[in-house]
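Colleague: Take this structure first; my questions come after.
The values are calculated or read from the model by the stated rules, or taken from the named source; none is laboratory data. Model, not experiment: these values are computed from the prediction. All Cβ positions, glycine included, derive from the backbone under ideal geometry; neighbour counts span all protein chains shown. Ligands, DNA and RNA are excluded from the accessible area calculation, which covers all protein heavy atoms including side chains. Shrake-Rupley method; radii C 1.70, N 1.55, O 1.52, S 1.80 Å.
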Amino acid sequence: MNDIKKIFKAIKLNKYKPSSTSYFDPVRKYFVPKTPEEEVRQKTIEFLEAQLGVPLNRLRVEEAMAHVKRGARGRADIVVYRDDEKNKPLIVIECKAPEVDISCDDVREQAERYRNILKADYIMLVNGYKLIIYKYQDGKNFELVDISSYKELLESKVSFVENIPLEPYSYEEIISYKIQKKFTKIYIGCETPKPVKFFALNFLNLILLKTIDDESILELLGVFEDRGTGRTRFGNSAGYNYQIKTRLFIAKDRKNKDQILGLSLFGRYNTQLNVSIMNRERKHHSLQLDMDKYCKYDYRSNKIVITHNGTLSTGRGGSISKFTVIDYVKNNAPDLIRDEEVYLGCIDNSRLLEWNQPDVQNFIRNLFLYAVLRDEVRKKYKKK
C-alpha cells in the first residue's frame, strides 16, 4: 500500500478527445483537459475508491472555499466526506504534478488553509510518487505512519510518525565518509572537491541544526528575527524550482521594509549555496553561488575564502554584465569588493562552525547584503 509510485503507475486512465485530450471525471461527470496535475487528481480518485474504500458519492472535486466561507478564496482539489449528504468533511486532498515536492511547507500550508475552513480531520498530499497524510488534533498536525483505509480514518484507528529531534553533528562526524554519503546528491554535489565538501557540510550543520540562543547575534548577521527551518519552494531566473530545507530570517531591506531571507544548500554534481529573498514583489533565489568554483581552500591554514565574480542572470536567457554588478556593489558596499571581485568572507574550517564566531557572522551578513544588492540591480535593469 505504501508503494504509491507503483500503485499510481498501474492505474490506467481512459483518454477522450472532445476537443483536446481529456479524462472523464467520475465525480463531476464531465470531461477535464489532460494535464500532469489532472492526471494525478484522476488517479487519486480511483485510488481512493479502489484502494481505500471511499464511496464516490462522498467525494467533491474542486470544492470552492467560497461555498463554505464567504469571501474565502481557492478550491480544494478533492474533499472526502464522512456522510452521504456531504456535510461533514473528513479529508482535504491537495494533488500536485509529479515534479512538485509535496513535503515542502508551501504545499502543506495550502491544504491547511482549506482544512481550517472546512474543519476536516485530515489533509492528504499526493503527487503520484509520494503520499503524505496528516491528522489534526489539539491544534497540531501529526503525520501518519501508513496509508490508512477509509474505515480506519473514520474511526481514527491510525498511528503517527515518531518525531525524533535531530542533534547537530560533531566535527568528527562531519568529516566522516558516512555523513558525506548521507547528504551527497541532496545537499552536497558528488563532484565537489573534498575540502569544499567538508566546509559545505559544516555550514549545513550550522544553518539546519543549530539554534541561536543569544539574540544579540541576530544583529551581527544583519537580521532581527530567526524563523528556524522550513521546506519552502524558491524559483531561480531559469524557472527551476528548488524545494529543500532552508534557514529563514526576517530582516529590513535598504528601504526599511521587512523581507524574509533564506540560506540553503543544494547539490547534484556541484554544490550550490542559495540565498533566497521573499518580499511583496518577489520570491526567488537572488544568489546561487557555485561553491566548487568560488570557495578557495588554503591547506596551510585550513581556511576557506569565498568570493563571487558578479555574474547575474535575469531570466529567459537574459543577463546583466558582471562589471555593472561589481560597480553597483562598489558604490553601495565598498567593503565587499577586493581585487574587482565580491569578497564574501574567510572561514576557519578547522573547527565546528558556530553562530557566535565572528568570521561566520561576517560571512552570513555579507551573503545577505550581496543578495539584496543583486536584487536592486535586477530591479534597476528591468525598469530600463
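Colleague: For the range 324-372: of the residues being within 24 Å of Thr314 (Cα to Cα) and among the polar types (S, T, N, Q), which is least open to solvent (accessible area, probe 1.4 Å)?
Modeller: Out of the qualifying residues, it is Asn366.
Colleague: Listed residues Leu206, Leu218; which is within 21 Å of the chain's Cα centre (by Cα), among the aliphatic types (A, V, I, L, M) and farther than 30 Å from Tyr136 by Cα? Before you say what the answer is, go through the steps one by one.
Modeller: Details: Leu218 fails: within 21 Å of the chain's Cα centre (by Cα).
Among Leu206, Leu218, only Leu206 is within 21 Å of the chain's Cα centre (by Cα), among the aliphatic types (A, V, I, L, M) and farther than 30 Å from Tyr136 by Cα.
Colleague: Have a look at Asn309, Asn332 and point out the one that is in contact (Cβ under 8 Å) with a residue 24 or more places away in the chain and more than 18 Å from Asp290 (Cα to Cα).
Modeller: Numbers: Asn309 fails: more than 18 Å from Asp290 (Cα to Cα).
None of the other options fit; the residue is Asn332.
Colleague: Looking only at the range 352-384, how many residues end up being over 27 Å from the mean Cα position of the chain (by Cα), at pLDDT 95 or above and charged (D, E, K, R)?
Modeller: Number satisfying all stated conditions: 1.
Colleague: Let me ask something else about it. In the range 137-196, what count of residues is obtained for those that are within 22 Å of Thr44 (Cβ to Cβ), in contact with a Gly (Cβ under 7 Å, 6 or more places away or on another chain) and of a type in the set (Phe, Trp, Tyr)?
Modeller: So the count comes out to 1.
Colleague: Residues to consider are Ser156, Ser149; find the one that is more than 25 Å from Lys12 (Cβ to Cβ) and among the small types (Gly, Ala, Ser).
Modeller: None of the other options fit; the residue is Ser156.
Colleague: Of all residues in the range 171-195, how many are touching a residue at least 24 places away in the same chain (Cβ under 8 Å) and under 24 Å from the mean Cα position of the chain (by Cα)?
Modeller: 11
Colleague: Any chance you could count how many residues in the range 299-323 are touching a Pro at 6+ places or on another chain (Cβ under 9 Å), open to solvent by 30 Å² or more (accessible area, probe 1.4 Å) and of a type outside the set (S, T, N, Q)? Please lay out each step first, then the result.
Modeller: At the first step, the residues of the range 299-323 found to be touching a Pro at 6+ places or on another chain (Cβ under 9 Å) are 299, 302, 304.
Then keep just the ones that are open to solvent by 30 Å² or more (accessible area, probe 1.4 Å); that gives 299, 302.
In the following step, the residues that additionally are of a type outside the set (S, T, N, Q) were identified as 299.
So the answer is 1.
Colleague: Among the residues of the range 316-340, which ones are in contact with a helix residue (DSSP H, G or I) (Cβ under 8 Å, 6 or more places away or on another chain), modelled with pLDDT of 95 or more and under 29 Å from Tyr299 (Cβ atoms)?
Modeller: Leu336, Ile337
Colleague: Something else now. Select the strands (runs of 3 or more DSSP E) contained entirely in the range 1-95, then report the ones holding at least 2 residues which are closer than 23 Å to Ser149 by Cα and either free of Cβ contacts under 8 Å to residues at least 60 places away in the same chain or open to solvent by less than 10 Å² (accessible area, probe 1.4 Å) (or both). Don't jump to the end; show me each part of the working.
Modeller: On the way: elements: 22-25, 30-33, 59-64, 75-81, 89-95.
Those strands (runs of 3 or more DSSP E) span 59-64, 75-81, 89-95.
Colleague: Next question. Scanning the range 133-143 for residues that are open to solvent by less than 40 Å² (accessible area, probe 1.4 Å) and more than 27 Å from Lys210 (Cα to Cα), which turns out modelled with the lowest pLDDT?
Modeller: Tyr136
Colleague: Then there's this: If you go through the range 285-315, how many residues are modelled with pLDDT under 95, more than 17 Å from Lys380 (Cα to Cα) and under 26 Å from the mean Cα position of the chain (by Cα)?
Modeller: 2
Colleague: Need a quick list: strands (runs of 3 or more DSSP E) entirely within the range 171-285 having at least 3 residues that are in contact with a helix residue (DSSP H, G or I) (Cβ under 6 Å, 6 or more places away or on another chain) and open to solvent by 50 Å² or more (accessible area, probe 1.4 Å).
Modeller: Working: elements: 225-235, 241-252, 258-267, 271-278.
Passing ranges, in order: 225-235.
Colleague: Collect the residues in the range 152-170 that are touching a residue at least 40 places away in the same chain (Cβ under 8 Å), surrounded by 14 or more Cβ atoms within 10 Å (Cβ to Cβ) and in a loop (DSSP other than H, G, I, E, B), keeping them in residue-number order.
Modeller: Pro168, Tyr169
Colleague: Sticking with this structure for a sec: I'd like the residue in the range 335-374 that is in contact (Cβ under 8 Å) with a residue 12 or more places away in the chain and among the polar types (S, T, N, Q) and, out of all such residues, is farthest from Pro168 (Cα to Cα).
Modeller: So, considering only residues that are in contact (Cβ under 8 Å) with a residue 12 or more places away in the chain and among the polar types (S, T, N, Q), the one farthest from Pro168 (Cα to Cα) is Asn366.
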